[in-house]
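The values are calculated or read from the model by the stated rules, or taken from the named source; none is laboratory data. Just so you know, these numbers come straight off a predicted model, no measurement behind them. A quick note on method: Cβ atoms are made from the backbone with ideal geometry, for glycine too, and the neighbour counts reach across all protein chains shown.
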């Protein structure tokens, strides 16, 4: 399965997204939609710094080119 | 709704935009227009550092590829 | 007005451009031309660090993808 | 062999991927798929910092434009 | 004159190019060629750090997307 | 000669490539192939930090957009 198809298969489930920036910046939320550039729309998003939930962000759009890594959250 | 469509649906309302850079750099303003690259035109823009309003910038254009995250401001 | 159209409407007037990089790096000049990538050609450009004019650069070309923010200078 | 073809030839084998970011950030896993942008889908991924395995990440998608370097792991 | 045309008009003359990176990194050389992405081929290139020539690099190719600013050198 | 053509003319010879990142990160190897994005496939690659060879990496693929500078190695 191609990388973008793999991400599309995760719509409706919880994912973690690591964004560019220093210090390391991780968002966790329900993947609502994704396009060919890996722009993401997440729901019920929380920010994680050092593994701790630091903020609730709700609905957010993430710019694909600033994403380092996407991984499914196994619950 | 695709990520860019979600952003288009926010035209006319207040959004927060987190930009690339260190330290973390957040802008808040009324979304006036957006294109397919997520370039944004904001009005009544203020700069936020550490949650505090640090500057009034008025009308600004933001380059899409340097946007980390866009979120609606619930008032 | 779309973001790039908004920038085109500023040709001939003074703008401030914030570039990527650390520390924060701002250029101010007369916008001579702009293309679809937001590459800019500025005239009479000065560099601002911490709000102070630190260098006169004259005619400069800025690469669009490294622009964070463009704003008109109200005089 | 063109660079992207070279990466395609590594599907099914173990690779190391160095990502943008500070400090240096290396992932090692089985390459499951790759597209023309060098977006990668890795399986059995582990994170390496300073040569030490610091986290098991399992299935991850990496955004191509944030990849610095890809190299095959010789075992 | 559009930004890329302006750069093309500088072929054969000496330019300064400021690249992404920290600390600030400037190259000075004779512009031999440029393409639509602002990839540049410079000859007789020298590296400048803090205004001092620190290295002679000769013939170099610069990747357009990592260029911050291009300016002609007036001699 | 256009910048990408210049790089293609270096296939088969030794080059130095400076990558994005902090601290400065240089790779030296035999250029095996290059594409229109300046993605590179290098052979017999060694990593240089501060001018010292710090690691042998063998066959590596470099993502074009993270390349700062390419220069031929004169031997």
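Assorted remarks:
- Scanning segment D:11-26 for any residue that is modelled with pLDDT under 95, out of contact with any strand residue (DSSP E or B) (no Cβ under 9 Å at 6 or more places or on another chain) and outside any loop (DSSP other than H, G, I, E, B) turns up nothing.
- Only one of the listed residues (C:72, C:3) is within 10 Å of the chain's Cα centre (by Cα) and more than 14 Å from chain E (Cβ to nearest Cβ). That residue is C:72.
- Qualifying positions in segment A:31-55 - more than 24 Å from residue B:64 (Cβ to Cβ) and in a strand (DSSP E or B): A:44, A:46, A:48, A:49, A:52, A:53, A:54
- Restricting attention to segment F:33-63, the residues being crowded, with 18+ Cβ neighbours inside 10 Å, out of contact with any helix residue (DSSP H, G or I) (no Cβ under 8 Å at 6 or more places or on another chain) and more than 7 Å from chain D (Cβ to nearest Cβ) number 3.
- Set D:52, D:36: member being modelled with pLDDT under 95 and out of contact with any strand residue (DSSP E or B) (no Cβ under 9 Å at 6 or more places or on another chain): D:52
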